[in-house]
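Only one structure is covered here, and it is reproduced in the block below.
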Amino acid sequence: MESLELRLLEGLELETPSSRPWNNLVAENPASGFMQSIEWAQFKHAQGLKHYRLGIFQGENLVAGCLLYYAADSNPGFLVAPHGPILPWENKELARQCLGLLISNCERLAKEDGLIGLRIEPLLPPSPPDLLLEFGRAPIDLVPKETLCLDLTCSLEEIMAQMKPKGRYNIRLSQRKGVTVRSGTRSEMTDIFYPILNITARRDHFQAEPAAFFVELANSLLPNKLAELLIAEHEGEILGGLVQITFGKTSTYLYGGITNTKRNLMSGYALQWEAIQRAKAAGCTQYDFYGFDQFCSPSHPYGRFSNFKSQFGGTVKRYCGAQDYYFMDELADALIKVFQGKE
């Protein structure tokens, strides 16, 4: 077996020679997702987060790697890898070697930036592999550790048939009543969708992201098609909107909201059905509702929306959640500063 080499990937931008191999590596790894894509990294950079791009090569073949995000003013803080690292998990020995390379280099990078640990969140089953024994469960998750996914490999008729009766009925009701769904623009993300999201947040008692988040999302992700905004209308009146992320073989429902008018027309169902159809047409094999609680508990962050999501059928998927690895020298330095009253 050829030796492994870790390289800091400079100039990893869209439309560069290295961009396609990287995104292909991420898209083909079942334990990774859109948050390790170049497009998402550019979005987070626009939000003010710094990031490192690490690639592991076997000869000239890119076999593993990780995009690591961190806030420059977060001290002490973590190097964070949502949906990462990208490792050949099925090859335990190769994955072990790659992870060792990543950890040693992350510790060096962390020392430069005053960070104390590495927080990863690959989409692995609830019981993490032995490879992660030196990691501990993080106090918070970066992405939902339980979600609901639709299988898009069957026909649209079969997708509709496996829904709950209420789901099918409400989709057809919205069609009969003349609700239509179209693509939205960058300006509509902030001028139309964001106010709708705030209406929904007040009605359903959750906290919406700040407006600046959606400005950058629209500017960074709509032009390159990683994100798409859908707008539901009826007789010229806007009723709701939905943001979906499509990367690799997965399309993800990230945000959605409906107004307080004409709610009886079930525009939320029309939006989801259009998003599902677009995901299938794009060649996706699954549609991820991004966050789910099968018990619909009011105290769960996704509990209020889970009954709605469940009407579309699908299969519950559970993951191991975020895992932390502490760099002991940096942690000790941070604790000393705290005890000395320097932080």
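Every number here is computed from the coordinates shown, using simple stated rules; none is lab data. Just so it is clear, the structure is predicted and the values come from calculations on it, not from any experiment. A quick note on method: Cβ atoms are made from the backbone with ideal geometry, for glycine too, and the neighbour counts reach across all protein chains shown.
Under a 5 Å amide H cut-off, with hydrogens placed 1.01 Å from N, PHE247 pairs with THR252 among residues at least 5 apart or on other chains. Put +1 on the Cβ of each Lys and Arg and -1 on the Cβ of each Asp and Glu in region 195-235; which of ALA212, ALA232, ILE196 then has its Cα farthest toward the positive end of the dipole? Of the candidates, ALA212 comes out farthest on the positive side. Quick one: helix 328-339 against the long Cα principal axis of the chain, what's the angle to the nearest 10°, folded into 0 to 90? Computed tilt is about 80 degrees. Put simply, when 251-260, 100-109 are sorted by average Cβ atoms within 10 angstrom per residue, most first, you get 251-260, 100-109.
Under 14 Å from the Cβ of PHE34, count the other residues' Cβ atoms, weight Lys and Arg +1, Asp and Glu -1, and hand me the total. Charge balance near PHE34 sits at -2.
Straight-line reach from LYS145: taking Cα to Cα under 12 Å and skipping same-chain neighbours fewer than 8 places apart, the aspartates and glutamates in range are GLU121, ASP293. Subtracting the Cα-Cα distance of LYS92 and ARG182 from their residue separation scaled by 0.36 nm leaves 27.8 nm.
Computed about the Cα centre, the dipole magnitude for region 143-269 is approximately 420 debye when only Lys and Arg (+1) and Asp and Glu (-1) carry charge, each at its Cβ.
The relative contact order of the chain comes to 21 percent, based on Cα pairs under 8 Å that sit 6 or more residues apart. The residues packed around SER183, meaning those with a beta-carbon under 13 Å from its beta-carbon, carry a net charge of 0 if Lys and Arg are +1 and Asp and Glu are -1.
Relative protection proxy for 181-189, 37-45, from highest mean packing down: 37-45, 181-189 (other beta-carbon atoms within 10 angstrom). Across region 138-149, rounded Karplus estimates of 3J(HN,Hα) from the backbone phi angles (6.51 cos²θ - 1.76 cosθ + 1.60, θ = phi - 60°) give 6, x, 9, 9, 8, 10, x, 8, 9, 9, 10, 10 Hz, Gly and Pro being marked x.
Over the Cα atoms of the chain, the radius of gyration divided by the Kirkwood radius equals 0.99; this is the Rg/Rh ratio. Taking each of LYS262/LYS309; LYS280/LYS309; LYS166/LYS249; LYS50/LYS92 in turn, the alpha-carbon distance tops 22 angstrom for LYS166/LYS249; LYS50/LYS92.
Counted by Cβ distance under 11 Å from GLN286, the other residues give a net charge of +1, where Lys and Arg count +1 and Asp and Glu count -1.
A helix-only calculation puts the chain at -10500 deg cm²/dmol for mean residue ellipticity at 222 nm, using -39500 (n - 2.57) for each DSSP H run of at least four residues, averaged over all residues.
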